[in-house]
C-alpha cells in the first residue's frame, strides 16, 4: 500500500467519526481534501465521494451535492446518490430546482429514476406532475404527454368518484394540449404495456391435483395511441362526469364503453351529448332517436312542466311553449343528425315506428318531410299499424301529384304533365292498400275510402293510356 493510499484510508476512518458526530462542515472539508489526494483507481474514492455527497445534501447545497455525484467513479453509486437527491428534493418541496437543474451526462439516469418513482408510487403522489414539468421545461412535449397519459391510465384502477374523474379529465386535457404542440406527423404516443397487465383480475390456475401452475409469460406489447383516440376518450369522460353530477347515486366506471355511455346519456335525457358520441364513434343513432321520440310523446300527456323543462334544459333548449319546443327539438335533431344523404330514411323510420307504436298523431312537419323522403316506405309503415285512412289520403295525394297537382309536396321531378319523362308510383303499396280497404269495406267509412282511392287510381291509369 502506497503512502497516498494510507493517507486516504486514514481520511476515510476520520470521516466516519466526524459523520457520527454530525460535523457536516468538517466532513465536507476533509472529504474534499481526501478526494484531491486519492488516485483515480483508489478503492476508497467512491466512499469519500458518497460521504461528500451526503453532507452537502444534508446542508441543502444541491449544486455541490451533484458535483460530488459526478466525482464518484462508481456508476451504481452515482445512480444511488442521484436517486437519493431526487427523493430529498421532492420531500423538501424543491420542485423548481429539481426541474431546472442541468444534469448533463446523467439526464437519462434522472428520467429513468423519475419514471420508476412515478410508476411505483401512489397515483396521487406528485412524481407524474414533476416528470411532466421536467419534459415541458426541456421542450420534449411528447414525453410530457406520455407522462400525463400514463397517470390517466392508472386512474382507471381507482374507484370512480367526482375527484377521480375530474383528475383524469385534467390529465387527458393536458395530454392533448401537449401533443398539439408537436408536428402533426408525431401526434401519437407509444404507451408501454407491462407484461403482467393481462393477468390482472385473473384467478390463479391449478392442475388436477390442485397445485398452482406457473403463469404463462407474456411479452410486453407496446400500444400506439393517436390524438384522435385521446380526444374521443376525453369526450366519453366528460359525458361520465356530466352523468355523475346529474345523478349522484349513479356510479359510472372510468372504463365504460361508448355504447354503455350512450345508453346512460339517453336514459338521463342528455340527447345532444349522445348524438355527438354516436358520430365520433360511428355508432347507429336509432336508440337515441327512439328514446327522444318516446320522451316527447310521454311529455305531451304530462301536466308536469318542471319535468319537461328539466330535460329540455339538459339539451340547451328552453321556451315558453314547452310542448312545442320539445317537438322543435325533435325536428332539429333529425335535420342535424338524421344523415339523410348517408342513411336515407333510417332514423326517420325509427321515429315513425315509435310514434305509430304509441298511436301518436304524426306532426305535420314530420309527415310532410317523410312524403318527400320515402313515400312508399311511409305507406308500408302506416298499413302495418292499420292507419288505413291516412294511408289512403297520402296515396290519393301522390296519384294527384303525378297528374300535376302540387308535385312539390312529394319532391317529384316529373309528372304526367311532362310528356318526355318517366314517372313512378308505389304500385305494390297501393294495390295492397286496396285489398285491405276491400276487406274492411263493411266497417265504418272504409267503403268511401275504397271508392275514392279506386276512382283516383283508375283516373291515373287512364291518363297513362292516353299518353301512350
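Here, each number is a calculation from the coordinates, and none is a lab measurement. On a predicted model such as this, the values are computed, not experimentally measured, just so you know. Glycine gets a Cβ as well: all are built from the backbone with ideal geometry, and neighbour counts include every protein chain shown.
Return one quarter of the surface area of the convex hull spanned by the alpha-carbon atoms of the range 374-468, equal to its mean projected area, in nm².
Details: hull surface 23.5 nm².
Convex hull of Cα atoms, orientation-averaged projection: 5.9 nm².
Spacing of the modelled spin labels on residue 74 and residue 138, each 7 Å from Cα toward Cβ, amounts to 2.6 nm.
Taking the centroid of alpha carbons for each part, the range 423-450 and the range 360-377 are 19 Å apart. According to the square roots a ≥ b ≥ c of the eigenvalues of the Cα gyration tensor, what is the shape class of the range 259-372, taking rounded for a/c under 1.5, prolate for a/b larger than b/c otherwise, and oblate for the remainder? Oblate is the answer for the range 259-372, as a/c is 1.5 or above yet b/c matches or exceeds a/b. Extending 7 Å from Cα along the Cβ direction at residue 339 and again at residue 170 yields two label points whose distance is 3.6 nm. Measuring between their Cα centroids, the range 145-178 and the range 261-298 lie 26 Å from each other. Going from the residue with the fewest nearby Cβ atoms within 10 Å to the one with the most, 288, 111, 266, 405 rank 405, 111, 266, 288.
Ordering 223, 90, 171, 296 from the fewest to the most neighbouring beta carbons within 10 Å gives 223, 90, 296, 171. What fraction, in whole percent, of alpha-carbon pairs in the range 79-196 exceed 22 Å separation? Tail fraction, whole percent: 36. Rounded to 0.05, the FRET efficiency of the residue 367 and residue 191 pair, given R0 = 51 Å and the Cβ-Cβ distance, is 0.45.
Highest average first, the peptides 239-246, 56-63 ordered by how many other beta carbon atoms sit within 10 Å of their residues are 239-246, 56-63.
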